[in-house]
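Chemist: One structure follows; several queries about it will come next.
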Amino acid sequence: MDLSELRDLDPNNLGSASTGTKAVVLGFLAILIVAGGYWFLIKDKQTDLQRREATEVELKQEFRDNQQKAVNLTAYERQLEEMEELLAGMLQQLPSKTEMPALLMDISQTAQGSGIGTELFEPRAEIVRDFYAEQPISVRLVGTYHEFGTFVSSVASLSRVVILTMRDIELEPIEGGRLRMEGTVTTYRYLDPNEQNNMQPENR
């Protein structure tokens, strides 16, 4: 078979072509069929496979992310439980409701024992918070800087943990190098479980 035979080949009369020419034509047709099959069938499948592989990678990454979040959530919940236990332990060191009257008496007597003159020591209505109560006390005390320092130190040494905060405090120098302190001192107590259960919703 030579090239002139291929050029002179009559598509309508392939039966008269030589065996070599027929083989070339059939081989060419086979190549076209394979190429067409790849383009119309396999290529679409390959594109779909690539898309599925990309989706699989995304899902695996999402799974790893969610797994890491779950691990962190467990650690966070454990840490939160530890903090709640620590807070509960600290609150238990504050005075209870039944201990408050005696505690207020101890604070008043501690002031007198420190050399401070008590012109006013008047507990006011409690202010209930989420898990503790504030006990404001209107005070008017007279003493020196040293006596006030002794008073604060002595209160810190009481058997129960006593936290005192001072609001709207005014200091007025008076005769004899002494000071008059007037304002509101606040101490705190914890709420027992029954009190917390009986709290009004707006106080929670």
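Chemist: How many residues are among the small types (G, A, S) and in a helix (DSSP H, G or I) when one looks only at region 100-157?
Modeler: At the first step, the residues of region 100-157 found to be among the small types (G, A, S) are 102, 108, 111, 113-115, 117, 125, 133, 138, 143, 149, 153-154, 156-157.
Add one more test, that the residue is in a helix (DSSP H, G or I), and what stays is 102, 108, 111, 113, 149, 153-154, 156.
Matching residues across region 100-157 total 8.
Chemist: Same structure again: For the structure I just gave you, tell me whether V162 is surrounded by 17 or more Cβ atoms within 10 Å (Cβ to Cβ), touching a Ser or Thr at 6+ places or on another chain (Cβ under 7 Å), outside any strand (DSSP E or B) and touching a residue at least 60 places away in the same chain (Cβ under 8 Å).
Modeler: It is true that V162 is surrounded by 17 or more Cβ atoms within 10 Å (Cβ to Cβ), touching a Ser or Thr at 6+ places or on another chain (Cβ under 7 Å), outside any strand (DSSP E or B) and touching a residue at least 60 places away in the same chain (Cβ under 8 Å).
Chemist: Pairs, please: C-beta under 6 Å, at least 6 apart or cross-chain, first residue in contact (Cβ under 8 Å) with a residue 12 or more places away in the chain and in region 133-150, second small (G, A, S) and crowded, with 18+ Cβ neighbours inside 10 Å?
Modeler: What qualifies is E147/S114; T150/S114.
Chemist: Next up: In the set S114, S153, which member is more than 30 Å from N194 (Cα to Cα), polar (S, T, N, Q) and within 42 Å of the chain's Cα centre (by Cα)?
Modeler: Details: S114 fails: within 42 Å of the chain's Cα centre (by Cα).
Being more than 30 Å from N194 (Cα to Cα), polar (S, T, N, Q) and within 42 Å of the chain's Cα centre (by Cα) holds for just one of S114, S153, which is S153.
Chemist: Out of (1) at pLDDT 75 or above; (2) part of a loop (DSSP other than H, G, I, E, B); (3) more than 42 Å from the chain's Cα centre (by Cα), what's the single condition that is false for M1?
Modeler: Only one criterion in (1) at pLDDT 75 or above; (2) part of a loop (DSSP other than H, G, I, E, B); (3) more than 42 Å from the chain's Cα centre (by Cα) is unmet by M1, namely (1).
Chemist: Within region 165-187, is there a residue that is crowded, with 17+ Cβ neighbours inside 10 Å, in contact (Cβ under 8 Å) with a residue 40 or more places away in the chain and closer than 20 Å to L87 by Cα?
Modeler: Yes - at least one qualifying residue is present in region 165-187.
Chemist: What about P193, is it touching a helix residue (DSSP H, G or I) at 6+ places or on another chain (Cβ under 6 Å) and at pLDDT below 85? Explain how you work it out, then say what you get.
Modeler: Values: touching a helix residue (DSSP H, G or I) at 6+ places or on another chain (Cβ under 6 Å): no; at pLDDT below 85: yes.
For P193, the condition - touching a helix residue (DSSP H, G or I) at 6+ places or on another chain (Cβ under 6 Å) and at pLDDT below 85 - is not met.
The values are calculated or read from the model by the stated rules, or taken from the named source; none is laboratory data. If you're wondering where the values come from, they're calculated on a predicted model, not measured in any experiment. Cβ coordinates were reconstructed from backbone atoms using ideal geometry, including for glycine residues, and neighbour counts include every protein chain displayed.
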